[in-house]
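Report on the following structure.
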Amino acid sequence: MLIEFKFSNFLSYKEMTSFSMVAGKERTNSKTLASIPKFRLKLLPLAAIYGANASGKSNLIKALGFLKTLVTTQRVKGKIPLRHFYYSEDKNTISNFEISFLVNELIYEFKIACNEDGLLYEELIERNSRSEKTLYLRDKDKVQINPKINSHDAIQCVADRSLNRPCPLLTTLSSMKFKPFEGVFRWFSEELKVIHQDSFLIPYGLDIGENDSRNTLLSEVLRGTDTGISALVSTPVSESSLRLLPSERNELLSTVCHGSQLIKEAGGGRLLAYFKDGDLAFRRLNAAHEISGKEYLIPLEEESTGTKKIIDLAPAIIDLLLSKKNCVYVIDGIDHGLHMEINYWLVRRFLENVNSNTRKQLIFTSQDTNLLRRAGLRRDEIWFVERRRNSPSQLVNAIEFKGLRIDSSLQKLYEEGRLGALPIL
């Protein structure tokens, strides 16, 4: 579970900005909070982020996505694809990222500082209920491994030889199967899932292949959200017909190993990429509609934007509502193309399915203000992003607004402009 994320000097954010999933003192919906008894900590299962267009909502998601990509990608050469604060003339400034999260009921804090030329600082801290220890500390061209951890000498040797590589030590040490780095890396690569609005690839951990083109769970989601689709049917596609760019194929090769990937086609279709016989294979998805007892296949490019959005989000919906595995879904523009009733259904169903033992989280940006009134969100689950022209983005939690009555309508206050984060027209 995500506990807190901090970052600075990235896109529209200049100063250190903090986004926290630690529950405040509010008593409403306390049964939905994840309880971590050994740390006397309660974590929020959900966070909704609001703001005007170009305020910085998506940039917050991109910052978290950048950190995930930085950790999970084995970079071979070239500069780090870092995007500094927009309005700074000095492009050699340092960007900082700090994140704390829960893995196997232990808290880890990962810190990293970098510029386009490389990594300047890196630290991994492990906390239990009684103490904390720095597992390793990297400062420019020096690295120190905690002498009390297992395989210290071997880890130190690998770390010393890896200082000139443009990827975090966490990436290298986890690839060498050193514990506890594997569990931390697995949280970044498997539990943390960041979905951008313009994602070329979307993680799709469902079996829609040759043996089972009608996945039961996916069909349940599609029928339950009133799309008119009874199932998805996939058909084989040759790679030569897709005309993938070399960069796109390389990205597929590096990501499909973690599970199948959904590819958005320019015309609106959807392809499923996966490994078969040691190489990439592809299948095109079609929507099956049952009319008067007969089944008709419709190309996905002919379906509505909302229907394609539901198909893209189907794995997230299944993980959040139906599966038992731990996950943190961070979704930019969850309501894009969806009817507000489906947004409400997803949020309410998720909150109804979480309790003190649940280790799932849903974080999303939205423009659907109806959720502020109808979904019963806690105030510490609501965030606002505001940015004036040529100025940095500012992230504010709803509990920071003083003097609000408990029964005040946040939807009404926000739409009236009393909470900021609205466009100036």
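List of remarks:
- Tail weight of P(r) past 26 Å, computed on alpha-carbon pairs of region 198-327, percent: 19 percent
- At full extension, T134 and L413 could sit 96.0 nm farther apart than now, given 0.36 nm per residue minus the alpha carbon distance.
- Full extension of the chain between E265 and Y296 gives 9.0 nm of extra length, using 0.36 nm per residue less the Cα-Cα distance.
- Per-residue [θ]222 nm for the chain (sum of -39500 (n - 2.57) over DSSP H runs n ≥ 4, rounded to 500): -7000 deg cm²/dmol
- Taking 7 Å steps out from each Cα toward its Cβ at Q156 and N96 produces label points 2.9 nm apart.
- Separation of alpha-carbon centers, region 342-365 and region 171-203, rounded to whole Å: 22 Å
- Region 318-360: trypsin sites (Lys or Arg not before Pro) in DSSP coil with no more than 15 other Cβ atoms inside 10 Å: K324, K325
- Positive-end residue, the chain charge dipole about Cα centroid, Cβ charges, pick of V330, S95, L43: L43
- Distant alpha-carbon pairs in region 71-163 (separation over 18 angstrom), percent: 56 percent
- Once both labels are positioned 7 Å from their Cα atoms along Cα-to-Cβ, the gap between R127 and E248 label points is 4.4 nm.
- Burial ranking of peptide ranges 154-165, 370-381 (average Cβ count within 10 Å, highest at the top): 370-381, 154-165
- Pairs beyond 27 Å (Cα-Cα), from K25/K62; K6/K42; K111/K308; K38/K179; K193/K402: K25/K62; K111/K308; K193/K402
- Convex hull projection area averaged over all views, region 324-406, Cα basis, nm²: 7.4 nm²
- Label point distance in nm, I399-S18, each placed 7 Å from Cα along Cα→Cβ: 1.2 nm
- Summing charges over all other residues whose Cβ lies under 12 Å from the Cβ of D139, with Lys and Arg as +1 and Asp and Glu as -1, gives +1.
Taken together, the values in this text are just the output of simple stated rules run on the coordinates, not laboratory data. A quick note: this is a predicted structure, and the numbers were derived from the prediction, not measured. Counting neighbours? That spans all protein chains shown, and the Cβs are built from the backbone with ideal geometry, glycine included.
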